[in-house]
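The values are calculated or read from the model by the stated rules, or taken from the named source; none is laboratory data. Please read these numbers as outputs of a predicted model, since none were measured by experiment. So basically every Cβ, Gly included, is an ideal-geometry build from the backbone, and we count neighbours across all protein chains shown.
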Amino acid sequence: MASITLTSVKKTYHGNVTAIHGLDLSIEDGEFVVLVGPSGCGKSTLLRMIAGLETITTGEVRIGNTVVNRLEPAERDIAMVFQNYALYPHMSVRGNLEYGLKNRGTPRPEIDRRVLEAARILEIEPFLDRKPRQLSGGQRQRVAMGRAIVRQPKAFLFDEPLSNLDAKLRGQMRVEIRRLQRTLGTTSVYVTHDQLEAMTLADKLVVMNAGVIEQIGRPLDIYADPQSLFVAAFMGSPGMNLVDIERLRGLVADLPASIPSGTGTIGIRPEDIALDEPATPHFTISATLEAVELVGSESLIYANAQGLSEDVVLRSQGIHRGNPGDPLTLHIRHEVLHSFLRETGRKAAA
Amino acid sequence: MVENRPFLSILTHAVLIAGVIIVAFPVYVAIIAMTHTDVTLNSGAPLLPGGELVANLIAVWTFDPPGAPPFWLMVWNSTLMALIIMIGKIVISIVSAYAIVYFRFPFRTLAFWVIFITLMLPVEVRIIPTYEVVANLGMLNSYAGLTVPLIASATATFLFRQFFMTIPDEMMEAARVDGAGPLKFFRDILLPLSRTNIAALCIILFIYGWVQYLWPLLVTTREEHFTLMMGVRQMAGAQKVDPQWNIIMTAVVLAMLPPVVIVIAMQRLFVKGLVETEK
Ligand SMILES: Nc1ncnc2c1ncn2[C@@H]1O[C@H](COP(=O)(O)OP(=O)(O)OP(=O)(O)O)[C@@H](O)[C@H]1O
Ligand SMILES: [Mg+2]
């Protein structure tokens, strides 16, 4: 187990595509870090540079105290779980689990012990002598996990390991991965673009966009206090309502004075818009109902306010009964507003 | 298009059956000829089996026709030639395909195209320059001369390349993370995954080597290197006396057996491989 430190890491593919623009990140020993961001933002590239599957154009990657830039993946002592699992199709499950250990010359009794232990933890003992093609998707996923844990590596690297599973299984495996990582205490880097995975798995969440880090922090901190428009829009489903301040001023006369100068956009989380009047200071917007999505435990209400370019989404507990065209009064408390600078899109200092 | 008209159905079957008869008839004649004496055969080809099968089968092995080496030596030469070509081609092509697909080296694409172009130049097209080269290297009348020029061709390289490109990159990456270097990856992952392809190529390449006629005819002038395909031709043509058709036909039929044996042997592997590597 070890910490991982990236210093000014940059990746340029074939001379012109820059996938990672000089990035710093430090991952502590035993920490579970999740990289999240839109497709093509460089998550996999970053992970593969840590793994040693991609060269590092400039900068430095350290695992523990060793600079690993020039080391082969195996010498870095990391284990990786791939999206398509990449199990060896001609080897049995046991063969798949053993292969890495055999290559490092682990003694036979030790191999057997570790394989059995991993199989027990992951509940794949009954399948040890089957070939991967004789397993279900979920079982293959477990084997891929097993192949990582038998090695007892310094770090686990996951590249969207659950995205080939159905929603229910994904939920189960998510919980299991978290539990496993807690038990083993192995440093982990996990790439996903699933919000739920990002929020629930991470000790530390790294939001990436176009090859740079937008924000690093604990998941709930990032959700509660996004530092940029990008993070505000990206985290949460549905994302934050982002309203141009000039349009809002045209609609609301009594905006709070606390909005910092230079603000260009105001962000409001869907769950922070209430239909009932709150007791604390607030302002109101009159709107008409456009559509309601009933999710079960809650309703997503799309409301159109005259003068705003996009519908406002709000989240309301329980089932909201209403028809398109119904008038709505949206109550927004002063304290829930997020202000972003017009110039940079960063959070405006209060 | 399935039509249910009896007349059409009968007609198509008749055509197909006629085709089968036309193709199979010479083989039938050869097999029947195996069972007669040369005296019977020289007075016209019989259509029903005779009683000389065992005698002919024994006689052929000691048969030493004028103008050609003994039958057993030709069988040996042909087998050796076909096996060397088969193994040589597979070894060279799988290794070169591995290099082309998995390694980044200067002029890699060029290397591939150079290999690929040889696909368009079968031995028959380059036969004169190839003969010249082989002669200059002193390889006439040798197994090397018989096989090396036929080994150098791209078909198998191309097939292995196409196959390797269908294997996901993650397989190689997983192996790298698992500590397998290039040789281990080749031996432990790529080779077992290629088993089906190798079996199929063994069949094709063995037969390719076995039926070579023109090239052996050119490079061998001494009898001890004659192959079966040339020898059978010699037996039938080069004699002043009446040819011994019973022995010649026995030799012909026996010459058809090794490819059949290879097909059957490889078929097992082939089907097994097909079932096992499907993901
Ligand atoms: N081998 C490559 N050669 C050139 N460009 C590449 C290569 N691999 C990735 N890229 C580019 O680098 C950028 C980052 O790719 P990367 O695969 O890291 O994205 P990602 O964040 O993992 O996306 P996704 O969520 O879709 O997997 C993309 O613009 C991609 O086109
Ligand atoms: Mg990716």
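Can we say A:ARG133 is facing chain B (nearest Cβ under 8 Å) and in contact with an Asp or Glu (Cβ under 9 Å, 6 or more places away or on another chain)? It is true that A:ARG133 is facing chain B (nearest Cβ under 8 Å) and in contact with an Asp or Glu (Cβ under 9 Å, 6 or more places away or on another chain).
One line per residue, one yes/no per condition, for (1) surrounded by 15 or more Cβ atoms within 10 Å (Cβ to Cβ); (2) of a type in the set (A, V, I, L, M, F, W, C):
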| site | (1), (2) |
| --- | --- |
| A:LEU300 | yes, yes |
| A:ASN304 | yes, no |
| A:GLU310 | no, no |
| A:ASN323 | no, no |
| A:LEU328 | yes, yes |
| A:LEU337 | yes, yes |
| A:GLY345 | yes, no |
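Would you mind stating whether A:SER26 is in the same structural domain as A:ASP159 (by TED's automatic domain parsing) and either within 16 Å of ligand 2 (Cβ to nearest atom) or within 30 Å of A:ASP129 (Cα to Cα) (or both)? So A:SER26 fails the test. Every condition in (1) within 13 Å of chain B (Cβ to nearest Cβ); (2) in a loop (DSSP other than H, G, I, E, B); (3) within 25 Å of the chain's Cα centre (by Cα) is met by A:PRO89 except one, and the failing one is (3). Kindly check whether there is at least one residue in the stretch B:156-174 that is surrounded by 14 or more Cβ atoms within 10 Å (Cβ to Cβ), among the small types (Gly, Ala, Ser), within 14 Å of another protein chain (Cβ to nearest Cβ) and within 25 Å of A:GLY52 (Cβ to Cβ). Checking the stretch B:156-174: at least one residue is surrounded by 14 or more Cβ atoms within 10 Å (Cβ to Cβ), among the small types (Gly, Ala, Ser), within 14 Å of another protein chain (Cβ to nearest Cβ) and within 25 Å of A:GLY52 (Cβ to Cβ). Restricting attention to the stretch A:274-298, the residues that are in contact (Cβ under 8 Å) with a residue 24 or more places away in the chain and either farther than 14 Å from A:ILE332 by Cβ or exposed (fewer than 12 other Cβ atoms within 10 Å of the Cβ) (or both) add up to 11.
Test A:VAL33 against the criterion of being within 16 Å of ligand 1 (Cβ to nearest atom) and either at negative phi or modelled with pLDDT of 95 or more (or both), and give yes or no. Spelling it out, A:VAL33 is indeed within 16 Å of ligand 1 (Cβ to nearest atom) and either at negative phi or modelled with pLDDT of 95 or more (or both). All told, B:ASN141 meets the bar of being under 23 Å from B:ILE87 (Cα atoms) and at pLDDT 90 or above.
Search the stretch B:183-206 for residues being more than 11 Å from every other protein chain (Cβ to nearest Cβ) and within 23 Å of A:ASN103 (Cα to Cα), and hand back the single one that is surrounded by the fewest Cβ atoms within 10 Å (Cβ to Cβ). Spell out the reasoning first.
Of the residues in the stretch B:183-206, the ones more than 11 Å from every other protein chain (Cβ to nearest Cβ) are B:183, B:186-187, B:197-206.
Checking the rest, the ones that are also within 23 Å of A:ASN103 (Cα to Cα) come to B:183, B:186-187.
Numbers: B:LEU183: 8, B:PHE186: 17, B:ARG187: 11.
The qualifying residue surrounded by the fewest Cβ atoms within 10 Å (Cβ to Cβ) is B:LEU183.
Of all the numbered requirements in (1) within 16 Å of ligand 2 (Cβ to nearest atom); (2) of a type outside the set (Asp, Glu); (3) surrounded by fewer than 22 Cβ atoms within 10 Å (Cβ to Cβ), A:VAL207 misses one, and that requirement is (3).
I'm trying to understand the selection: among the residues of the stretch A:236-274, which are touching a His at 6+ places or on another chain (Cβ under 6 Å) and either modelled with pLDDT under 90 or of a type in the set (A, V, I, L, M, F, W, C) (or both)?
A:PRO256, A:ALA274
Please verify whether the stretch A:67-79 includes one or more residues that are outside any strand (DSSP E or B), more than 15 Å from ligand 1 (Cβ to nearest atom), touching a residue at least 40 places away in the same chain (Cβ under 8 Å) and among the β-branched types (Val, Ile, Thr).
Of all residues in the stretch A:67-79, those outside any strand (DSSP E or B) come to A:68-77.
Among the residues that remain, those that are also more than 15 Å from ligand 1 (Cβ to nearest atom) are: A:68-77.
When the remaining residues are screened for being touching a residue at least 40 places away in the same chain (Cβ under 8 Å), the result is A:76-77.
If we keep only those that are among the β-branched types (Val, Ile, Thr) too, we end up with none.
No: the stretch A:67-79 contains no residue that is outside any strand (DSSP E or B), more than 15 Å from ligand 1 (Cβ to nearest atom), touching a residue at least 40 places away in the same chain (Cβ under 8 Å) and among the β-branched types (Val, Ile, Thr).
Considering only residues in the stretch B:136-151 that are in contact (Cβ under 8 Å) with a residue 40 or more places away in the chain and surrounded by fewer than 18 Cβ atoms within 10 Å (Cβ to Cβ), the one that is farthest from B:SER194 (Cα to Cα) turns out to be B:ASN141.
The condition of being touching a strand residue (DSSP E or B) at 6+ places or on another chain (Cβ under 9 Å), farther than 20 Å from B:PRO182 by Cβ and surrounded by fewer than 16 Cβ atoms within 10 Å (Cβ to Cβ) holds for only one of A:VAL67, A:VAL81, that being A:VAL67.
For the condition closer than 30 Å to A:THR18 by Cα, crowded, with 21+ Cβ neighbours inside 10 Å, of a type in the set (Val, Ile, Thr) and in the same structural domain as A:ILE111 (by TED's automatic domain parsing), what is the one hit in A:ILE177, A:ILE222, A:ILE213?
Checking each option against the conditions leaves just A:ILE222.
Before we move on, is A:ARG76 within 13 Å of ligand 2 (Cβ to nearest atom), closer than 28 Å to A:LEU101 by Cα and within 14 Å of chain B (Cβ to nearest Cβ)? No: the conditions fail for A:ARG76.
Residue-wise test of (1) in contact (Cβ under 8 Å) with a residue 60 or more places away in the chain; (2) within 20 Å of A:GLN83 (Cα to Cα); (3) within 16 Å of ligand 1 (Cβ to nearest atom).
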site: A:GLU123; (1), (2), (3): no, no, no
site: A:ASP129; (1), (2), (3): no, no, no
site: A:LYS154; (1), (2), (3): yes, no, no
site: A:ASP159; (1), (2), (3): yes, yes, yes
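Would you check if A:GLU110 is within 25 Å of A:MET208 (Cβ to Cβ), more than 14 Å from chain B (Cβ to nearest Cβ) and away from ligand 1 (no atom under 16 Å from the Cβ)? Can you show your working first?
Details: within 25 Å of A:MET208 (Cβ to Cβ): no; more than 14 Å from chain B (Cβ to nearest Cβ): yes; away from ligand 1 (no atom under 16 Å from the Cβ): yes.
No, not satisfied.
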